[in-house]
Amino acid sequence: MDIKKKYMSSRLDRLDKDGRNLLAKREIYTAEYLLEKFYDLDLKKYNSVVDYGCGDKFLENEILKRGKSYRGFDINDFDFNEDKPPLKDNSIDFVISLAVIEHLRHPEKLLSESYRILKPGGCIYLTTPNWQFDSKNFYNDYTHITPFTPKSLEMILIDSGFLNVSTYPGLRCKHKWFYQGKSRFHKAFFLFPFLGTNKFVPEFLKGHARSIIAIGLKENK
């Protein structure tokens, strides 16, 4: 298999069209929810979206349904470690990148380029495995290179210029309580014993988050 194709999440490979659509809905709903609850921001204000590490662009339809423009880039389009995306400075409202930066030797390049293309007040939304809870599995994917903890992910975003940086457990569609507090990553890991892909257990037992969601804003000036 071409190593470039491994950027696409393995869980997508196991899903049919309906499963992918549901996953996309949950991803975008969670982004909307976190922005509203913790930033008092409405995703509707962001009209242009760039998806780094888009794979087969499974998010595209869900984003287009919301009346936004969508540009998806994957590793076949340019080298995230070295190259600039073909986009102008201050031209994009929202950057989303799901499970990509752990594959990069120079994740700071992707972040600095995200900052460059974002408009003032624009937002970046990232996910990556949480080394504190997934270290035993991290290198089972041979394309994983750079691990992150919530603290190191916050610091690299801050060093890349982002403001109001926060990290959350990689839960989808849960109550606000599970995303907040010093013990939020422990709650998300221990209180949900089953993965979200398990079809045989009730929804309230699903989650078992071993990943991080991070949000940062570009200075609005």
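The values are calculated or read from the model by the stated rules, or taken from the named source; none is laboratory data. Worth saying up front: this structure is predicted, and the values here are computed from it rather than measured. Using ideal geometry, Cβ is built from the backbone for each residue, glycine included, and neighbour counts are taken over all protein chains shown. For accessibility, only protein heavy atoms count, side chains too; no ligands or nucleic acids. Shrake-Rupley method; radii C 1.70, N 1.55, O 1.52, S 1.80 Å.
Quick notes
- Residue in the stretch 20-52 that is farthest from Asp77 (Cα to Cα), counting only those that are open to solvent by 10 Å² or more (accessible area, probe 1.4 Å) and among the acidic types (Asp, Glu): Asp40
- Qualifying residue in the stretch 65-72 (condition: assigned to a helix (DSSP H, G or I), closer than 19 Å to Ser211 by Cα, of a type in the set (Lys, Arg) and modelled with pLDDT under 95): no
- For first residues located in the stretch 206-221 and over 30 Å from Asp89 (Cβ atoms), partners that are among the hydroxyl-bearing types (Ser, Thr, Tyr) and lie 6+ apart or on another chain with Cβ distances below 8 Å form the pairs Ser211/Thr127; Ser211/Thr128.
- Applying the criterion of being surrounded by 14 or more Cβ atoms within 10 Å (Cβ to Cβ) and in a loop (DSSP other than H, G, I, E, B) to the residues of the stretch 191-221, the residue that is modelled with the lowest pLDDT is Gly196.
- Residues satisfying the criterion are present in the stretch 37-53 (criterion: assigned to a helix (DSSP H, G or I), of a type in the set (Phe, Trp, Tyr) and within 18 Å of Cys123 (Cα to Cα)).
- The criterion of at least 3 residues that are open to solvent by 60 Å² or more (accessible area, probe 1.4 Å) is met, among helices (runs of 4 or more DSSP H) falling completely within the stretch 98-184, by 131-138, 150-159.
- Annotation for the stretch 81-91: at least one member residue is surrounded by 15 or more Cβ atoms within 10 Å (Cβ to Cβ), of a type outside the set (A, V, I, L, M) and either more than 18 Å from Tyr46 (Cβ to Cβ) or touching an Asp or Glu at 6+ places or on another chain (Cβ under 9 Å) (or both).
- If the condition is being touching a Gly at 6+ places or on another chain (Cβ under 7 Å) and farther than 10 Å from Leu118 by Cα, then the stretch 76-97 contributes only Ser97.
- Residues located in the stretch 39-51, provided they are within 22 Å of Asn220 (Cβ to Cβ) and touching a residue at least 24 places away in the same chain (Cβ under 8 Å): Tyr39, Leu41, Leu43, Lys45, Tyr46, Asn47, Ser48, Val49, Val50
- Residue list for the stretch 1-45, filter: in contact with a Phe, Trp or Tyr (Cβ under 7 Å, 6 or more places away or on another chain) and modelled with pLDDT of 95 or more: Ala31, Leu34
- Condition met for Lys57 (among the basic types (Lys, Arg) and either more than 20 Å from Leu171 (Cβ to Cβ) or open to solvent by 90 Å² or more (accessible area, probe 1.4 Å) (or both)): yes
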